Amino acid sequence: MNNNMGWNFQNTYVNLSPNLFSRIRLNPVKAPKIVVLNEELVGELGLNIDGLKSEEGVSVLSGNRIPEGGLPIAQAYAGHQFGHFTMLGDGRALLLGEHITPKGKRYDIQLKGSGRTPYSRGGDGRAALGPMLREYIISEAMHKLGIPSSRSLAVVTTGEVILREQPLAGAILTRVASSHIRVGTFQYISTYESLGELKELADYTIERHFPDIIEVGDNRYLKFLKEVVKKQATLIAKWQLVGFIHGVMNTDNMAISGETIDYGPCAFMDAYNPATVFSSIDRQGRYAYGNQPMIAAWNLARFAETLLPLIHDDADRALELANEAIVDFTHTYNDLWIDGMRRKLGIFEAESGDESIIMDLLSLMKKYRADFTNTFRALSIDDLSGMELFASEEFSQWKGRWESRLAKEGKPKAERVRQMKGNNPAIIPRNYRVEEALDAAVNKGELRVMEELLEALSNPYGYTCQQEKYAQLDPNPNRNYRTFCGT
């Protein structure tokens, strides 16, 4: 087929061990139709929007045709799911290839919901429209919040019905990511394949994501581990600072690139509570908001275990070096989180008493069930009304301490407000707003609600009048909100 879409594919991943992937035959769908196309991302990738909207373009986005230069594969990986190790793989996704943009950036182009693969484990490999639109909304919102994330290029309906608890409209999401190499990828190769294949994967990943690592021998792989630790500490700190809850932090859902990936039962916290869980399958709260830093460290320890033979020939010394790197995660995360909280509170320089100010505010927010996003939004615009927290004597005392701390720095108010607004989003994809958009799109065929939500979320730090309605709390605060994996 003629490449009038602008695709520029390479397929370097298939040069690795053939045990890491399976070649895939396409599973064509009946009547594909574009529901949403990310025109901004189309431009960033250097693609041709008219070509993507053409019959050929839709055929590629639906998995009906292989684009010029593409080589469809499903990736193999393993992982700890809720703490239990199992063999996994792309059970409902295929990687078309690695698109090289005009600026030389490399991105995986993956179709999610594209049909059965050797790793489907009895599933049909398909996806429903609602969960695919949900990933589109949340991943794009995360990107606009400044949080590293896979992105969504398009969602197409398939013209077919998939069966879950009830018949649902089928859909395929085109996901764009720096790569889909996961902690679970390393766990798979370390558990089932040879040391040579493990080294090959590590070298490939270093070259792709950490090209500045030039050390050879032991130091190269220890440096690799440390860089992944830094990336994850940065990512998780950003999650915590906006109240994002991933919902299923299995090791196969942690990307080595440091991007947020695999949006399933994710959601944003409303009332501040570290124990907040939305996922229907997380009955014990393993992946609760407050546990995410700890789980990230646990996942990284599993990653470090895979690298031990590469870090040092002496097993004890390798373990010692790896442990030191994992301990660094906690220190790095804490420093990044506290610095981020300082910025949210308009504090520019570090002082020893800052952590007490931060933690005391969070304690009050938990006590009064204060909305996480709107508390910091209110502080940013100095509108302390309408919340029980702000009317309390405890908050008044805290506010006095905070204002004294700000006065010590002597920064102009305009500069402080600018910093706070730049670190406290005016809006997030509130759960009830996301559900409204999905209900309209899936059940009524009405895309306007979703389009307006995406427009508002495109500038989350804008503090515009148009965003006011999206900052409003759920009118039904007592609803027992639950999210699902969408498989």
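Any read-out appearing in this document is the output of simple, stated calculations on the displayed coordinates, not a laboratory observation. Just so it is clear, the model here is predicted, and its values are computed rather than measured. A quick note on method: Cβ atoms are made from the backbone with ideal geometry, for glycine too, and the neighbour counts reach across all protein chains shown.
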ask   = If you project the alpha carbons of the range 81-166 onto the principal axes, what extent comes out on each, in Å, largest first?
value = 41, 31, 27
ask   = Tally Lys and Arg at +1 and Asp and Glu at -1 over the other residues with C-beta under 15 Å from the C-beta of Ser352: what net charge comes out?
value = -4
Rule-of-thumb Rg ratio for the range 271-362 [Cα; 2.2 N^0.38 Å; N residues] = 1.41
request  = Straight distance only, please: which aspartates and glutamates reach the Cα of Lys421 with their own Cα at less than 16 Å, same-chain residues fewer than 8 apart left out?
outcome  = Asp339, Asp382, Asp383, Glu468
inquiry  = For a quick size check, give me the Cα extents of the range 1-74 along its three principal axes, largest first, whole Å.
reply    = 37, 30, 22
key: Under 15 Å from the Cα of Lys408 - aspartates and glutamates, other chains or at least 8 residues apart   = Glu349, Glu351, Asp354
remark   = The ³J(HN,Hα) series, computed from each phi in the range 226-239 with the Karplus coefficients 6.51, -1.76 and 1.60 at θ = phi - 60°, rounded to the nearest Hz and given as x for glycine or proline, is 5, 5, 5, 4, 4, 4, 6, 4, 5, 4, 5, 4, 5, 4
task = With a point put 7 Å past each Cα toward its Cβ, work out how far Lys367 is from Asn11 in nm, to one decimal.
result = 6.2 nm
inquiry  = What does the C-alpha gyration tensor say about the overall shape of the range 319-459? Classify as rounded when a/c is under 1.5, otherwise prolate if a/b is larger than b/c, or oblate.
reply    = oblate
key: Too-long pairs where the Cα-Cα distance tops 21 Å, listed order kept, from Lys366/Lys413; Lys199/Lys238; Lys103/Lys231; Lys344/Lys413; Lys112/Lys444; Lys226/Lys344   = Lys366/Lys413; Lys199/Lys238; Lys103/Lys231; Lys112/Lys444; Lys226/Lys344
DSSP-assigned coil residues among trypsin sites (Lys or Arg not before Pro) in the range 92-146, each with at most 14 further Cβ atoms within 10 Å = Lys103, Lys105, Arg121
query = Roughly what would the spin-label model give for Lys199 and Thr101, points 7 Å off Cα along C-beta, in nm?
reply = 3.5 nm
request  = Could you list which residues have their amide H under 5 Å from that of Tyr77, counting only those 5 or more apart in sequence or on another chain, with H placed in the peptide plane?
outcome  = Leu88, Gly89, Asp90
ask   = In the chain, with Lys and Arg counted as +1 and Asp and Glu as -1 at Cβ, which of these residues, Ile338, Tyr204, Met269, has the Cα nearest the positive end of the dipole, that is, farthest along it?
value = Met269
Sequence-distant residues sharing a close amide H with Gly69 (under 5 Å, placed H) = none
task = Based on the mean of other Cβ atoms within 10 Å per residue, sort peptides 151-158, 193-200, 53-60 so the most packed one is first.
result = 151-158, 53-60, 193-200
ask   = Once every DSSP H run of n ≥ 4 in the chain is given -39500 (n - 2.57) and the sum is divided by its residues, what mean residue ellipticity at 222 nm do you get, rounded to the nearest 500 deg cm²/dmol?
value = -14000 deg cm²/dmol
inquiry  = Considering just Cα atoms, how many Å³ per residue does the convex hull of the chain enclose?
reply    = 155 Å³
message = Tell me the Kirkwood radius of the range 27-149: reciprocal of the mean inverse pair distance over distinct alpha-carbon atoms, in Å.
response = 16.0 Å
